[in-house]
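Visitor: I have a structure here, written as structure tokens, and I will follow up with some questions on it.
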Amino acid sequence: MQFGVLNFEASMIKQVVNLSWKSFVRSPAFSQNLGTTIIMGLFGLYFAFIFLAMGAAIPFAFSDSEEIIEAPNLVGGFYLYGLLYILIMRVVFQNFGFPLFKQYALQRIRKSSIYHYVLIRSIWHWMNVIPMLAIMAYLIASNYSEAFQLNIFINGVVMIGMLYLTNYLAFLIDKYLDINKKIVGSVLIVLLVLTFLDAKGYIALLPIFKQTYAWLTSSIVIALLPLLLSIVAYFFSFRFLKDKAYLEDQTEVTTADMLGVRKGLFSRFGKVGTLMELELKLIMRNKRSKSQMTMMCLFMFYPLLFKGESISLLLFVSIFITGAFALTYGQLLLSWNSDHFDLLLTRMSSLKEIFTAKYYLQVISIALSALITILYGFYRFEFFYLIPIAALFNIGVVTFIYMLMASYNSKKIDISKGATMNYEGLSVGLFLIVIPIFIIPIGIMLLANYFDVYEIGLSVIALLGLLGFAFRERLIDVCVHLFKKNRYKIGAAFRK
Amino acid sequence: MLLEFKNIVKSYKSNTVLEIDSLQIASGECVGLVGNNGAGKTTAFSLLLDLIKATEGQVLSKGKDVSIDEDWKHYTGAFVDETFIIDFLTPEEYFHFIAELHNWSEGELSNYLEQFSELFNGEVLNQNKYIRDLSKGNQKKVGIIGALIGDPEIVILDEPFASLDPTTQNRLKNLIKSRIDQHTFLISSHDLNHVADVSSRIVILEKGKVIMDNIKTEETVQQMTAYFDV
């Protein structure tokens, strides 16, 4: 009898799995964007390979005979350190929604089956699979290293246990504590600063993680602790779903913010200002744009990763950090408005005003990013001149590449959905955009380096930017003209 | 002529969805476009608004081809579907946005909005809610009133009565009737009764063709009702 119930449960879970596989394969994004899907798949394989290789390389990375005795604990310490980051990132970025509920709520599928499905499915979340690959490669490879000694079973149990504890803990933190994501975001920044101090040797965080890991692997009983805790977390997550998972809890009604109150800031600039204000509200009030912008904030820390590299590489970094916001916004330039595109097309806003507003929004974001990131000059003095050059290049060249590409990238996006692993609206063309953005300056710098005149290389890049900005009106006209030719196609794609 | 369809053909591949040799709309008319699902009402409106490209022929607004000249945008207001609403704004912000594009001042807008308080029924303005969080019916009201902002000469409304409750339908009809000398209306519906209540002229579309086009009288309405009774 008991067995029959289990069987029933299993067949229902199978049913749900089957349906969600179909919803994946038959979704318009899957078939229409086959090119993108393939590229994303290749990226996935590439990352899988990288992580497998990374894991497998670890046991062979230690040569010092003194060091190697402590090595497994050091690796474990780093692992726990990393999991802490992963936990916070998941709480901030992961969308813990249950897209399946609406269809299934009224079907003859037991609710508990759906909840189990949702929770078990998370095992295959890419944030779990990728570390899992590295762990497996690491454990297997350690078998082949003579000097590197560790108990595969105990270490495996601890690492996997901690991974799934993180998985369900992230869910519980998101659901039970209901913390403002901004607060978690600032915790992340604090942690980044602490890590930086740790790396510079002012504080010692790593040893704490190392000792914790050593304790966890000290005996088989303790080693089972993380796994047990993750099972407990699983059941708390299940309880949460059972008690709270009603549709009305899933749809949140927000009260309007006060963005519209400070009038006059933009109205000074006429219709272009009005349109810019609209874009700002769009970015601040929609999930996709908001989370994408938050992710871009993290890239602002990019320069800290570089030490003593060439000017060309630092220029590349500068272009990236001053243009991070423009990149996020510009690559989906018109798609952001796909929900209300017909209004923009038919009301008194002329196409030129729309493009002008979008151009200046990017210019402002680049100028602001440059103002902030120029402070990196105190870290590496080269940034004092590289950041302004990069900003000019972004303002005069990169933005126009986005605006020209916009006429060819007509993909509808749902801005109310989160951005993590969401490649709706992306296309092969967008991957190609990135090429000229970085090829032009890198090509110029390589040439300049070859003749040993890198000052001239930098001046040429800055000049290109200046020229683009000087002829902005003409360039915007070109973009508008191109758009006009494609407007029916773009409109039709947005209306789908 | 204010609006004119000239030898219009719209087809997708070999499938012709709209074929209008000539349809002229004069200033001050209130034209009701009636037809069953798939008759071509929305296609006709989309052509008027230059949202889709005509396979053949032209749509002229004040004598100018809408697909070439952008002038019509200054005197045309439209609500076809939810792509005409910006759902992350509050209704006030939405109206304000359109008003600003028409260079209206704050005062002009709030005076103008007062006349719609009956239709809004206290559920739209000052709710401190985004449009996306309003009910479908209230979203529709926002879209319809949005089309009227800027006092456009031409107002195009696609299925304005659908998904509204009967009280609101009546209020909307009264509103349209009270503004008939301010705008030229083009209103579509699959329900002849709604259109007959407000229009001065009724055009029936079927399978992309105009099959009846009459000034509204008791007689013609009876005729048309008989047509739909099949």
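The values are calculated or read from the model by the stated rules, or taken from the named source; none is laboratory data. From a predicted model like this one, the values you see are computed outputs, not experimental measurements. Using ideal geometry, Cβ is built from the backbone for each residue, glycine included, and neighbour counts are taken over all protein chains shown. Ligands, DNA and RNA are stripped out before the accessible areas are found, and what is left, the full protein with its side chains, is counted by its heavy atoms. Shrake-Rupley method; radii C 1.70, N 1.55, O 1.52, S 1.80 Å.
Visitor: Return the residues of region A:329-343 that are over 17 Å from A:LYS496 (Cα atoms) and either assigned to a helix (DSSP H, G or I) or at the interface with chain B (Cβ under 10 Å from one of its Cβ atoms) (or both); say none if nothing qualifies.
Guide: The answer is A:TYR329, A:GLY330.
Visitor: Would you mind finding the one in A:ILE439, A:ILE456 that is under 33 Å from the mean Cα position of the chain (by Cα) and of a type in the set (A, V, I, L, M)?
Guide: Working: A:ILE456 fails: under 33 Å from the mean Cα position of the chain (by Cα).
It is A:ILE439.
Visitor: Considering only region B:53-71, how many residues are under 19 Å from the mean Cα position of the chain (by Cα) and part of a strand (DSSP E or B)?
Guide: Counting residues in region B:53-71 that are under 19 Å from the mean Cα position of the chain (by Cα) and part of a strand (DSSP E or B) gives 3.
Visitor: Moving to a separate point now. Name, by its number, the condition in (1) over 22 Å from A:VAL158 (Cβ atoms); (2) part of a loop (DSSP other than H, G, I, E, B) that does not hold for A:PHE196.
Guide: Here A:PHE196 clears every test but (2).
Visitor: Which ones in region A:325-340 are open to solvent by 10 Å² or more (accessible area, probe 1.4 Å) and closer than 25 Å to B:LEU157 by Cα?
Guide: If the condition is that a residue be open to solvent by 10 Å² or more (accessible area, probe 1.4 Å) and closer than 25 Å to B:LEU157 by Cα, then A:ASP339 is the only one that fits.
Visitor: A follow-up question, please. Given the conditions (1) in contact with an Asp or Glu (Cβ under 9 Å, 6 or more places away or on another chain); (2) among the acidic types (Asp, Glu); (3) more than 12 Å from chain A (Cβ to nearest Cβ), and given that B:GLU100 satisfies all but one, which numbered condition is not satisfied?
Guide: Just one mismatch for B:GLU100, condition (3).
Visitor: So, of the residues in region A:267-311 that are open to solvent by 20 Å² or more (accessible area, probe 1.4 Å) and hydroxyl-bearing (Ser, Thr, Tyr), which turns out to be nearest to A:ILE415 (Cα to Cα)?
Guide: So the residue we want is A:SER291.
Visitor: Residues that are at pLDDT below 90 and in contact with a Gly (Cβ under 9 Å, 6 or more places away or on another chain): list the helices (runs of 4 or more DSSP H) wholly contained in region A:407-496 that include at least 1 such residues.
Guide: On the way: elements: A:428-450, A:454-470, A:472-495.
By residue number, A:428-450.
Visitor: Being open to solvent by less than 20 Å² (accessible area, probe 1.4 Å) and either at negative phi or assigned to a strand (DSSP E or B) (or both) narrows it down to one of B:ILE180, B:ILE176, so name that one.
Guide: On the way: B:ILE180 fails: open to solvent by less than 20 Å² (accessible area, probe 1.4 Å).
Just one listed residue meets the conditions, B:ILE176.
Visitor: Mind checking which residues of region B:124-141 are in a helix (DSSP H, G or I) and under 14 Å from B:ASP165 (Cβ atoms)? Show your work before the answer.
Guide: Just the residues of region B:124-141 that are in a helix (DSSP H, G or I), to begin with: B:131-133, B:136-141.
The answer is B:LYS136, B:GLY137, B:ASN138, B:GLN139, B:LYS140, B:LYS141.
Visitor: Same structure, new question: Residue under question is A:SER218, and the condition is that it be modelled with pLDDT under 85 and more than 30 Å from B:SER105 (Cβ to Cβ); does it hold?
Guide: Numbers: modelled with pLDDT under 85: no; more than 30 Å from B:SER105 (Cβ to Cβ): yes.
No: the conditions fail for A:SER218.
Visitor: Given the criterion touching a helix residue (DSSP H, G or I) at 6+ places or on another chain (Cβ under 6 Å) and more than 27 Å from B:GLU19 (Cβ to Cβ), identify the matching residue among B:LYS173, B:LYS136.
Guide: B:LYS173
Visitor: Which of the following residues is surrounded by fewer than 21 Cβ atoms within 10 Å (Cβ to Cβ), among the acidic types (Asp, Glu) and closer than 26 Å to B:PHE45 by Cβ: B:GLU70, B:GLU118? Let's see the steps before the verdict.
Guide: Working: B:GLU118 fails: closer than 26 Å to B:PHE45 by Cβ.
From the options B:GLU70, B:GLU118, the qualifying one is B:GLU70.
Visitor: Residues that are free of Cβ contacts under 8 Å to residues at least 40 places away in the same chain, among the acidic types (Asp, Glu) and either more than 14 Å from every other protein chain (Cβ to nearest Cβ) or part of a loop (DSSP other than H, G, I, E, B) (or both): does region A:378-386 have at least one? I'd like the intermediate steps shown before the answer.
Guide: Within region A:378-386, the subset free of Cβ contacts under 8 Å to residues at least 40 places away in the same chain is A:378, A:381, A:384.
Those still in the list that are among the acidic types (Asp, Glu) too: none.
No, region A:378-386 contains no residue that is free of Cβ contacts under 8 Å to residues at least 40 places away in the same chain, among the acidic types (Asp, Glu) and either more than 14 Å from every other protein chain (Cβ to nearest Cβ) or part of a loop (DSSP other than H, G, I, E, B) (or both).
Visitor: Quick one: how many residues across region B:72-91 are more than 7 Å from every other protein chain (Cβ to nearest Cβ) and part of a helix (DSSP H, G or I)?
Guide: 3
Visitor: Next question, about the same structure. Checking A:LYS484 against (1) free of Cβ contacts under 8 Å to residues at least 40 places away in the same chain; (2) within 30 Å of A:SER335 (Cα to Cα), which test does it fail?
Guide: Exception for A:LYS484: condition (1).
Visitor: Tell me, yes or no, whether region A:103-116 has at least one residue that is modelled with pLDDT of 80 or more and either hydrophobic (A, V, I, L, M, F, W, C) or within 30 Å of A:LEU216 (Cα to Cα) (or both).
Guide: Yes, region A:103-116 contains a residue that is modelled with pLDDT of 80 or more and either hydrophobic (A, V, I, L, M, F, W, C) or within 30 Å of A:LEU216 (Cα to Cα) (or both).
Visitor: Follow-up question, since we're still on this one. Can you tell me which residue in region A:347-363 is most open to solvent (accessible area, probe 1.4 Å), limited to those that are within 7 Å of chain B (Cβ to nearest Cβ) and in contact with a helix residue (DSSP H, G or I) (Cβ under 6 Å, 6 or more places away or on another chain)? Before the answer, list the steps.
Guide: First, the residues of region A:347-363 that are within 7 Å of chain B (Cβ to nearest Cβ): A:347-350.
Within this subset, residues satisfying the condition of being in contact with a helix residue (DSSP H, G or I) (Cβ under 6 Å, 6 or more places away or on another chain) are A:347-349.
Values: A:ARG347: 7, A:MET348: 23, A:SER349: 0 Å².
Looking at residues that are within 7 Å of chain B (Cβ to nearest Cβ) and in contact with a helix residue (DSSP H, G or I) (Cβ under 6 Å, 6 or more places away or on another chain), I get A:MET348.
Visitor: Being of a type in the set (A, V, I, L, M, F, W, C) and modelled with pLDDT under 90: is that true of A:LEU228 here?
Guide: Details: of a type in the set (A, V, I, L, M, F, W, C): yes; modelled with pLDDT under 90: no.
For A:LEU228, the condition - of a type in the set (A, V, I, L, M, F, W, C) and modelled with pLDDT under 90 - is not met.
Visitor: B:GLY38 passes all but one of (1) within 13 Å of another protein chain (Cβ to nearest Cβ); (2) open to solvent by 50 Å² or more (accessible area, probe 1.4 Å); (3) assigned to a loop (DSSP other than H, G, I, E, B); which number fails?
Guide: (1)
Visitor: (1) part of a loop (DSSP other than H, G, I, E, B); (2) of a type outside the set (Ser, Thr, Tyr); (3) open to solvent by 50 Å² or more (accessible area, probe 1.4 Å); (4) modelled with pLDDT of 65 or more: which one isn't true of A:PRO99, the others all being true?
Guide: (4)
Visitor: Let me ask something else. For residues that are out of contact with any helix residue (DSSP H, G or I) (no Cβ under 7 Å at 6 or more places or on another chain) and of a type outside the set (Val, Ile, Thr), tally how many sit in region B:139-168.
Guide: Total meeting the criteria: 9.
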